[in-house]
1. Against the longest principal axis of the chain, how steep is helix 102-116, in degrees 0 to 90 to the nearest 10, with axes from Cα atoms?
2. Please compute the modelled spin-label separation between residue 212 and residue 506, points set 7 Å along Cα→Cβ, answer in nm with one decimal.
3. Give, in nm to one decimal, the length gained when the segment between residue 202 and residue 111 is fully stretched (0.36 nm per residue of separation minus the Cα-Cα distance).
4. In Å and from the alpha-carbon atoms only, list the Rg and Dmax of the stretch 274-451.
5. At a 10 angstrom cut-off on C-beta neighbours, averaged per residue, how do the peptides 426-435, 51-60 rank from highest to lowest?
6. Assuming R0 = 41 Å, can you tell me the calculated FRET efficiency for the pair residue 66 and residue 641, based on Cβ-Cβ distance, to the nearest 0.05?
7. Please compute the Kirkwood hydrodynamic radius of the stretch 376-428 from all pairs of different C-alpha atoms, in Å with one decimal.
8. Can you give me the Cα centroid spacing of the stretch 682-720 and the stretch 349-373 in angstrom?
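Please treat every number below as a calculation from the coordinates, not as lab data. Please read these numbers as outputs of a predicted model, since none were measured by experiment. Here Cβ is always computed from backbone atoms with ideal geometry, including for glycine, and neighbour counts include all displayed protein chains.
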């Protein structure tokens, strides 16, 4: 018996563990061999990157559930020129591996696929492999295999890229689940490292020093469905840049993801001095715990002002009052006195929102400082001018772009049109906090992120790359320790100059980058990131302006093509009792998104939009579902059911989306009945015609590796895969 245990090696992907019989002389009528899967208890990866070299250590722990010991082979696919050296061990003993070139490895992959009736190894065709004999694998026992290899790290300008196809660790058992996954990464360079990020997985990164960053990704009981991409940017004087690009055909515009990262060198001389206005709602509804937490958050912010900053504290209820006539410098005596005065703030009266905003705008000074207002409120305007449009017009007519509003809305009795508009029109942000959440923690976390501005009023010029449809359309301000992500489409391959302009005080700063728009087939996650960013922007427009048939049509089509569920996704609901509940949730999500402006539903919709925008900015990982969160516990089972259906009915395979039909066939979203319906070519799974299709069109192997029954589009033709010879 063979154990084809396929683990990850950059840049290939596939499945991980299956018991197969050894090759035998051909028989007139070969009998199918049932696959016997081993379980994967733990998959650990240590990635140590030093400049442009990486040492990768993979430790995979398998479990043999059989009632007998077995013999097998550990198969490790490799790309040409990727692995420069390797070693393997099991239970402390060195294993002798054999490196097989791609032309001979293809026959091994095809032979295993034919014998076990599983297409998972198809993705490896065209790759070489390392093969090692493993014996014995004891019954009801674990086996740990360790592989260490070295490889080069790809470079594009100031950025470096490494891939680890975690998807290839997926077991071939029925669940495809790995009990525990742990990936650690350490990036060290002789020069300062600006940032390390993953556009595919939620790593937690910690800076050790200017030259070193470490990160960790952990998951339990997980089906590894996405390969890991890691990027790091070397430090520049002001801003570094990293560009990832994917363009599957020359006929279509490509996709890109650009990351801008501020320098990590001593920042005291680069931080823009700022005037900060802390605006606290002290109306009667803030009494008790809310006001106590707001004051606690204000203490944190005051303690973390930069020496060159100025500040003022404004409270508003029926009237508006300020601690000082204008913003004052950060001086120990003044600051200490103001901290003691915070205890005197009392909650009473109504909410004079218009007057508070008007007074704040009058506080601005134009001496090349960044002006920001941190505003916290729990209610609706009730005193003086209460019309939302009048308040927003006040901001637009008075403010010339110098003041940013960072708005915190507490509870459900809020007008989200007002708070969203105040934040977005001033290029600030908003955060919604439920009654049960910690106000002090939320405010402190945001203030920590925005406390050190580096550049404001940013603009990108993409040169001759013909960039179109990029998001966000307005580039946000750049803060120390915070990256900016921009994603879009491009029309021209090749190296181009990208210019970033911004303002620091009275100076206009220009940064230029020579980056290459170069298609990389292994970055197939980028189109979905772009689609997620565009859907986020369009849903935001619908949220502000109400439903628009053209926008709704674009959101619906993007969701269908890229496998993203939005309030306009209808196929997940059909007619039975459970589905009527699901259908009602989609109907309610559309209503809340389009029409609710005040109250709990409005807060849920706006909180979803704020979370989506932050997610796209901070990670660039596109979520699978763009629906408002549950209003209470009774909605949670419905959302769980929707997530279950997403997993059962939608699958993103590389750069294509597939949907399962009533017959269990996974249908390519590019399939069009009018175009392809009369030209469907049926092919039996693992037949000679099946492998001939893969030979003639190698690009389809990565899709066919996912399922045995598929409808796939190749050029103008459609192929229906299914059945057996």
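1. Helix 102-116 and the main axis of the chain meet at about 80 degrees.
2. Rounded to a tenth, the inter-label distance reads 4.3 nm.
3. 29.1 nm
4. Taking only Cα atoms of the stretch 274-451, I get Rg and Dmax of 14.7, 41 Å.
5. 426-435, 51-60
6. According to the calculation, E is roughly 0.70.
7. Mean inverse Cα-Cα distance, inverted, gives 11.5 Å.
8. The distance from the Cα centre of the stretch 682-720 to that of the stretch 349-373 comes to 63 Å.
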